[in-house]
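The values are calculated or read from the model by the stated rules, or taken from the named source; none is laboratory data. Quick caveat: nothing in here was measured; it's all calculated off a predicted structure. Backbone-built Cβ (ideal geometry, glycine too); neighbour counts: all protein chains shown. The area values use the complete protein model at the heavy-atom level, side chains included, leaving out ligands, DNA and RNA. Shrake-Rupley method; radii C 1.70, N 1.55, O 1.52, S 1.80 Å.
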Amino acid sequence: MADQKKSRPRTFGRPEGDGNPPQPRNIGPQAPIAGMFTSSVKSIAAENEALRAERDKAVHSGSMLLELDPSTIEDGLVSDRLEVRGDDQEFEDLKASIASRGQDQPVTVRPRRGGEGYELIAGRRRLRACRELGRTILARVQDLDDHDALAAMWSENNLRLNPTPLELGVWMIAVKERFGLANTDLLKVTGFSKGYVSELQKIGVGFPVEIREVLADPRKVSKAAALQIVDAWADRPSRKAIEGILDRVASLGDTGKQIAAILKAGAGQGAPKSMREKVEIVDAGGARRAVVTRTESSWTIKLDQPLSTDQAGRIEEILRGG
């Protein structure tokens with residue numbers, strides 16, 4: 001019977017039976033592989049940087065449209081629309097349209113300053129509709145400072161909504177407080193004349209909230225009627241007369257009839273016409289600077305804008321009876 005050889009473990013990478021532990025196999029230099037890896041990382045970084053540059057360019061130009069979660073959009077700008085009775089149905093119609101056909105127009109947003117997410121520039125009702133529907137919202141993203149954001153908001157909403165004098169006046173006062181703007185800024189944004197901006201701001205400051213709340217649709221008040229109401233409200237007897245009929249005015253239901261009743265009450269209950277004199281102080285361009293009113297017992301001076309030396313002198317002459 002042939003002798004059987006004892007089996008021994010098989011070794012790799014070295015001659016059998018040399019008695020040394022196995023050594024790692026030399027597979028050649030590592031540098032080429034490391035270089036390829038580094039090159040790939042640099043290439044990916046360059047591509048990412050190029051994509052970021054394209055994104056920033058698109059954001060700056062306003063050509064970037066994104067599908068956003070409405071919860072990432074903050075509604076922090078000033079509304080230039082008065083909400084009135086009847087708007088609820090208009091909003092429900094808008095919401096139904098978005099639910100069935102999607103958005104016809106994207107909203108406009110800008111990246112939120114100092115944080116993640118976005119700030120709304122235009123499209124408040126579309127944003128509200130998408131929130132209530134639980135769906136994403138199509139948004140145009142633009143990188144705008146406060147002045148440019150205000151200009152973009154004005155451009156879109158003024159063309160689409162055609163805001164009324166009362167809406168414009170309320171909006172102007174609100175944005176001046178919100179952004180610390182001067183009248184010159186409003187002139188640049190709106191393109192209106194200096195005199196018209198002055199009249200709108202007078203309406204925005206002086207039109208009574210008490211009257212606005214009882215009107216069927218305060219957006220239907222003309223500029224002339226709004227200025228008359230502001231003046232009547234500033235006269236104590238006229239104001240009392242108007243306050244006394246507001247409950248009845250609320251029941252009329254028609255804005256035109258409501259305004260007529262208010263103006264009639266204000267004109268009928270002020271000082272008698274023979275006892276009242278009103279003089280307007282205007283500048284060379286025809287813009288009103290102040291109104292001087294004389295009643296039987298007192299003088300009232302209302303300043304709409306700062307006075308020049310000549311205009312102040314004219315008021316002195318009026319007070320002296322000149």
With respect to residue 212, is the statement that it is within 25 Å of residue 173 (Cα to Cα), modelled with pLDDT under 90 and open to solvent by 30 Å² or more (accessible area, probe 1.4 Å) true? no
Please state which one of 267, 234 is open to solvent by 20 Å² or more (accessible area, probe 1.4 Å) and modelled with pLDDT of 90 or more. 234
Out of the residues in region 247-258 that are aliphatic (A, V, I, L, M) and open to solvent by 20 Å² or more (accessible area, probe 1.4 Å), which is farthest from residue 169 (Cα to Cα)? 252
Single match in 223, 194, 188 (criterion: among the charged types (D, E, K, R), within 26 Å of residue 150 (Cβ to Cβ) and touching a helix residue (DSSP H, G or I) at 6+ places or on another chain (Cβ under 6 Å)): 223
Pick from region 271-302, criterion of a type in the set (A, V, I, L, M, F, W, C) and exposed (fewer than 12 other Cβ atoms within 10 Å of the Cβ), ranking: modelled with the highest pLDDT: 284
Matching helices (runs of 4 or more DSSP H) fully within region 185-237 where at least 3 residues are farther than 16 Å from residue 263 by Cα and touching an Asp or Glu at 6+ places or on another chain (Cβ under 6 Å): none
Quick one: residue 220 ticks every box in (1) in contact (Cβ under 8 Å) with a residue 40 or more places away in the chain; (2) surrounded by fewer than 16 Cβ atoms within 10 Å (Cβ to Cβ); (3) of a type in the set (Lys, Arg) bar one, so which box is it? (2)
